[in-house]
Amino acid sequence: MSSEKPELHPSTLAAQGMGRVAAPFRDIVPPIHVATTYERGADGAYPGGRVYSRADNPTYDQAEALIAALEGAAAAMLFASGQAAAAALFQALAPGDRILAPRSMYWALRKWLLDYAAPWGLSIAKDDQLWVCGSSPHWWFRHEKYPEYKDQILMRFTTTGRTVQTWTLPLGDIGTNKDMPDTSRLKPGETVGAHCIAQDSKGNVYVGDIYGERAQKFVPVSKR
């Protein structure tokens, strides 16, 4: 016979609350832990594995484990409100990261993004416009008939899909072997495989080049 436990139906998981039974009283309803802080050992460590109630209160454990099981996730986290959960996600971003936030969303969260997150350096697209970049999916080589062929493209779209701007970047020369590119041949502004794009809060655009093995910063003309 297999020693593995059978996979339980979500309804069973929800009804049994992960089947928890606690010692020593064999209670089936999880207790509420009211402690704020936890004991330190003689060496200053926390032998119980808990530091402070805000992040480590055991009351959350069973509910988080159940949600993770129902969602098929590795783990889950509980927050006091949806606003707190969303703020935690955005606060995990680094300064300069870009957020694409729609207008049709929870008003308080959008206001929080514009009033509080923007000063941290997070770039909020107020006009909801989308930036994309791309290059040919296959390896290009220079043809003598088309020495200035350009296939590296940057585009900006509105929320309705209308093209606002299109740029083409010069195709750089890295030699004939893409597996061992000679990046010393590349000139400023040239790309070989535009692969990713980002914009910071100051309007500067960053383009990653997969074959050119570099990222370049493009500054708006008005700032030069």
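When you filter the GluC sites (Glu not before Pro) in segment 1-65 for DSSP loop state and at most 16 other Cβ atoms inside 10 Å of their Cβ, you are left with GLU4, GLU7, GLU39.
Convex hull volume of the Cα atoms of segment 1-74, normalised per residue: 165 Å³.
Backbone geometry of segment 85-92 corresponds, through the Karplus equation with coefficients 6.51, -1.76 and 1.60 at θ = phi - 60°, to 3J(HN,Hα) couplings of 5, 5, 4, 4, 5, 5, 6, 7 Hz, x marking Gly and Pro. Here each label is just a point 7 Å from Cα along the line to Cβ, and for ASP182 and THR168 those points are 2.6 nm apart.
Computed from phi, the 3J(HN,Hα) profile of segment 209-218 under the Karplus parametrisation 6.51, -1.76, 1.60 (θ = phi - 60°) reads 10, 5, 8, x, 6, 7, 10, 10, 9, 10 Hz, with x in place of Gly and Pro. Using the Cβ-Cβ distance between SER104 and GLU71 with R0 = 25 Å, the FRET efficiency computed as 1/(1 + (r/R0)^6) comes to roughly 0.50.
Read-outs throughout are calculated quantities, based only on the coordinates presented, and are distinct from any laboratory measurement. Note that the structure is a prediction, hence the values are computed from the model and not measured. Here Cβ is always computed from backbone atoms with ideal geometry, including for glycine, and neighbour counts include all displayed protein chains.
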